[in-house]
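Participant: Structure below; questions to follow.
The values are calculated or read from the model by the stated rules, or taken from the named source; none is laboratory data. All of these numbers come straight from a predicted model, not from anything done at the bench. Positions of Cβ are backbone-derived with ideal geometry, glycine not excepted, and every protein chain shown enters the neighbour counts. Keep in mind that these areas ignore ligands, DNA and RNA; they rest on the heavy atoms of the full protein, side chains included. Shrake-Rupley method; radii C 1.70, N 1.55, O 1.52, S 1.80 Å.
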Amino acid sequence: MSDSTARRNGWRLIAREARRRRVGIAIGVVTGLAWTASKVSTGVIVRQAVDQGIEQDDMDALRRWAIVLGCVALASAVFTGLRRYMAFREARAVEASLRDRIFAHVQRLHFAFHDEVQTGQIMSRANTDLQQIQAFVVMVPLTISNFMTVLSVTVILVTIDPLLTLLALGSLPFLNLMATRFSRRLHP
């Protein structure tokens, strides 16, 4: 089997397992989006509290916005935990399912195969592969929520001051280039 065929089969296997766990992954993504909304709205709420409460010297408005901010902070904490819990729960379920498949496959192999290949080598390879798949599945809800955070903050910044947004985000390609370069040197 060629490398490209094996790679395609591997991606198909991951996709099939992810489809089986799609409800949990979707809940993780929705929870991540709720986390994003609560994190991004914090700055907007503080802005309103300052504009309506402090600048206009309105203590009732300041109290209202403080309560809203406290509720959003509580929601953010809850969604942070749920987002991580759902991501890791689904990833562990995919890993367990694949681990069962590997075990069943190894049991079906011819007895002579086990005489030729060391048990530790099989276990090491299986564990490494499963950890990489598990890490991939964990990152699905986390990556989507982080992407939406960047997108939401960008939209908010553009509505406040487009020129300042351009200056602030103009360094991102350079930062990405340097981070990629650093990563490749650290882990060639």
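Participant: Count charges around ALA18 for me, please; just the other residues with Cβ under 13 Å from its Cβ, Lys/Arg as +1, Asp/Glu as -1. Intermediate values should be presented prior to the final figure.
Facilitator: Numbers: positive: ARG12, ARG16, ARG19, ARG20, ARG21, ARG22; negative: GLU17, GLU90, GLU95.
Here the charged neighbours net out to +3.
Participant: Which one of LEU33, ILE14, ILE54 has its Cα pushed farthest toward the positive end of the charge dipole of the stretch 8-109, where Lys and Arg give +1 and Asp and Glu give -1 at the Cβ?
Facilitator: Going by the charge dipole, the pick is ILE14.
Participant: Here's another thing I want to ask about it. Distance between Cα centroids, the stretch 30-56 to the stretch 78-127: provide it in whole Å.
Facilitator: So the two Cα centres are separated by 42 Å.
Participant: About the Cα centre of the stretch 1-78, what is the dipole size in debye to 20, counting +1 per Lys and Arg Cβ and -1 per Asp and Glu Cβ, all else neutral?
Facilitator: 1060 debye
Participant: ARG8 versus LEU151, label points 7 Å from Cα toward the beta carbon: distance in nm?
Facilitator: Rounded to a tenth, the inter-label distance reads 3.0 nm.
Participant: Find the Rg to Rh ratio for the stretch 105-188, where Rh is the Kirkwood radius over alpha-carbon pairs and Rg uses the same atoms.
Facilitator: Value, to two decimals: 1.30.
Participant: Something else: Please report the base-10 log of the normalised intensity I(q)/I(0) for the stretch 38-80, using a Debye sum with one equal scatterer per alpha carbon and no solvent, at each q in 0.20, 0.28 (1/Å).
Facilitator: For the requested q values the scattering log ratios are -0.55, -0.87.
Participant: Also: How are the Cα pair distances of the chain distributed, in percent, across 5 Å bins from 0?
Facilitator: Using 5 Å bins, I get a P(r) of 1, 7, 10, 11, 12, 13, 12, 9, 7, 5, 4, 3, 2, 1, 1, 0, 0 for the chain.
Participant: Gain in length, ALA135 to ARG64, computed as 0.36 nm per residue apart minus the alpha-carbon separation, to one decimal in nm?
Facilitator: 21.4 nm
Participant: Counting heavy atoms of the protein chains only and a 1.4 Å probe, report the per residue accessible area for the chain as a whole number of Å².
Facilitator: 71 Å²
Participant: With everything on Cα atoms, drop me the angle between helix 22-48 and the longest principal axis of the chain, reported from 0 to 90° to the nearest 10.
Facilitator: The helix 22-48 is inclined about 20 degrees to the chain.
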